Amino acid sequence: MHGRTVWCDQWTPRRARRVEEDHHEHRRQKTVVVTGAARGIGEGIALRLAKDGHHVVVADLGVMESDLHQTAKAINDAGGTATAVVADVTDEASVTSLVAAAAEAGDGLDAFVANAGIAQVEALLDYDLADFQKILDVNITGVFLSYRAAAKQFIAQGTPGKIIGAASIVAFRPFAYLGPYSATKWAVRGLTQAAAMEWAEYGITVNAYGPGIVGTAMWDLIDEKLAARDGLQKGEALAENAKSILLGRVSVPNDVAQLVSFLAGPDSDYITGQTILVDGGIQFS
Ligand SMILES: NC(=O)c1ccc[n+]([C@@H]2O[C@H](COP(=O)([O-])OP(=O)(O)OC[C@H]3O[C@@H](n4cnc5c(N)ncnc54)[C@H](O)[C@@H]3O)[C@@H](O)[C@H]2O)c1
């Protein structure tokens, strides 16, 4: 907690205890979970939160285990603290164990970043029902299970906590051919607002971040599929979409990580229920 002022005009035992608690709070390393942390934005968020001094519990699917351990190793090699946990956000038991493992690995849980998500480029008329259900499963059921497990943990601990979800610019204005994806991100924005309403009484804040166009594997896929649709060369669909970025460059994971660092830290204590865009100025909220 930066620059917290303790007025000492009237020294009382209660005040002395508060100062002691503040010191303890200063010293205690906070524990944060980041899902989808094997690569891309999640990896960037994990690296940044570790740099902020947090114990970062990085989680991803079993198929990503080797990349996940790479993320944890990069953090530990840089002098930070990380624990890697294989977890599938669509599986309730897996998310429950992830939260329990994080609370056990650290000194309780302080923040949860529900970052895991998938994208699919397809016209609505051709969208397969199983694919539709799959994207709902990861992008919204996964966020619901993550938010709820984190909130239950904070409530059991009797501590405040920060819950942060991955939305997108498409939570404000969909992209054509990313219809179901856009709908899930719109739903993350709604769930974030409802959770903020229900959990404020426990001292839990719930916010989401809305990246624009970030040069990760997800955009490689979007670029490839849009290119195939429109007969473009590799990179052309990305370049075309990037023209709408006021700040004139495609985003990198650290742009998003900086916002998440703020949302996970004390400077955002009075913010809840918001979906904050970090898109270089594509969309105004
Ligand atoms: N890349 C962008 O331009 C962009 C823009 C807006 C929002 N986002 C959102 O940011 C988040 C991260 O995106 P990214 O670009 O880094 O994507 P990415 O595909 O590079 O990484 C996503 C990670 O999530 C993991 N994941 C997928 N399903 C999972 C599951 N069921 N359980 C646990 N982990 C799972 C993947 O294995 C992968 O490591 C996503 O929610 C995405 O929708 C990305």
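The values are calculated or read from the model by the stated rules, or taken from the named source; none is laboratory data. Keep in mind that this is a model prediction, so the values were computed, not measured. Here the Cβ is made from the backbone with ideal geometry for all residues, glycine too, and neighbour counts use every protein chain on show. Quick note on the areas: whole protein, heavy atoms, side chains included, nothing else; ligands and nucleic acids left out. Shrake-Rupley method; radii C 1.70, N 1.55, O 1.52, S 1.80 Å.
Computed quantities for the displayed model
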| item | result |
| --- | --- |
| Subset of segment 106-134 [farther than 20 Å from VAL188 by Cα and surrounded by 18 or more Cβ atoms within 10 Å (Cβ to Cβ)] | GLY106, LEU109, ASP110, GLU122 |
| Complete set of residues in segment 204-230 that are more than 8 Å from the ligand (Cβ to nearest atom) and assigned to a helix (DSSP H, G or I) | ASP220, ASP223, GLU224, LYS225, LEU226, ALA227, ALA228, ARG229, ASP230 |
| Residues satisfying the stated conditions in segment 168-192, i.e. over 17 Å from VAL143 (Cα atoms) and either free of Cβ contacts under 8 Å to residues at least 12 places away in the same chain or open to solvent by 40 Å² or more (accessible area, probe 1.4 Å) (or both) | PHE172, ARG173, PRO174, PHE175, ALA176, TYR177 |
| Which listed residue is out of contact with any helix residue (DSSP H, G or I) (no Cβ under 8 Å at 6 or more places or on another chain) and of a type in the set (Lys, Arg), from LYS73, LYS162 | LYS73 |
| Check on GLY165, on the phi < 0 side of the Ramachandran plot and outside any helix (DSSP H, G or I) | yes |
| Criterion violated by ILE276 - all others in (1) over 19 Å from ALA111 (Cα atoms); (2) open to solvent by less than 60 Å² (accessible area, probe 1.4 Å) satisfied | (1) |
| Residue that is nearest to VAL252 (Cα to Cα) [pool: residues in segment 40-81 that are among the small types (Gly, Ala, Ser) and crowded, with 24+ Cβ neighbours inside 10 Å] | GLY44 |
| Selection count, segment 231-285, where residues are of a type in the set (A, V, I, L, M) and either under 16 Å from the mean Cα position of the chain (by Cα) or in a strand (DSSP E or B) (or both) | 11 |
| Count of segment 102-131 residues which are within 16 Å of the ligand (Cβ to nearest atom) and charged (D, E, K, R) | 2 |
| Residue match in segment 244-265 (condition: hydroxyl-bearing (Ser, Thr, Tyr) and touching a residue at least 40 places away in the same chain (Cβ under 8 Å)) | yes |
